[in-house]
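Read-outs: derived from the displayed coordinates by stated rules, not from any lab. Everything numeric in this text was worked out from a predicted model, so none of it was measured. All Cβ positions, glycine included, derive from the backbone under ideal geometry; neighbour counts span all protein chains shown.
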Amino acid sequence: MNERNQPNWLSGSVVRQDLADWIHLRRLEVGCVLGVYPRERKRRRTVWMDVALAVDTRRAAQSDRLEDTLNYEQIESAVIEVAQEGKFHLVEALASAVAEVCLAWTGVRAVRVVVDKPKALTQTASVAVEIYREKGKAAPSGG
């Protein structure tokens, strides 16, 4: 953690938490193929997603007009489509695909995606992966 009580990976971020407005789509329920085992690949399972979009909302706040902000319904549809059409092995891959589709929207500077896979493990309520991506920043290379 840094001096602002943020995770260290966020402190070097171009989109600082305190200078960004965030639009949240919370607890989005989607059925998708997700898993590495053959039994997981046979049918859709429910996953929950939280998507936070870093945008500048000042124009929309001033005008109070839909055309001055992101259309939440369209973004929700795009996220559902990428999840339902993909057949992902890893939660990480699904989260990354969702982040990519969100960053394609004009005005979205960064995105935080949480994908929650209920009952992925026998003794755990769910497994979740949270990622943060910024427009124009390449993923780190190496392993």
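One residue stands out in region 46-68 among those that are more than 18 Å from the chain's Cα centre (by Cα) and touching a residue at least 24 places away in the same chain (Cβ under 8 Å): the one that is surrounded by the most Cβ atoms within 10 Å (Cβ to Cβ), namely Thr57. Count of region 15-66 residues, restricted to those that are aromatic (Phe, Trp, Tyr), within 25 Å of Leu90 (Cα to Cα) and either in contact with a Pro (Cβ under 6 Å, 6 or more places away or on another chain) or assigned to a strand (DSSP E or B) (or both), is 1. Checked against (1) closer than 21 Å to Asp21 by Cα; (2) touching a Cys at 6+ places or on another chain (Cβ under 7 Å), Glu130 meets all criteria but (2).
Residue-by-condition table, conditions (1) within 18 Å of Glu29 (Cβ to Cβ); (2) out of contact with any strand residue (DSSP E or B) (no Cβ under 6 Å at 6 or more places or on another chain); (3) assigned to a loop (DSSP other than H, G, I, E, B):
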site	(1), (2), (3)
Ser77	yes, yes, no
Ile80	yes, no, no
Ala93	no, yes, no
Ser96	no, yes, no
Glu100	no, yes, no
Arg112	no, no, no
Ser126	yes, no, no
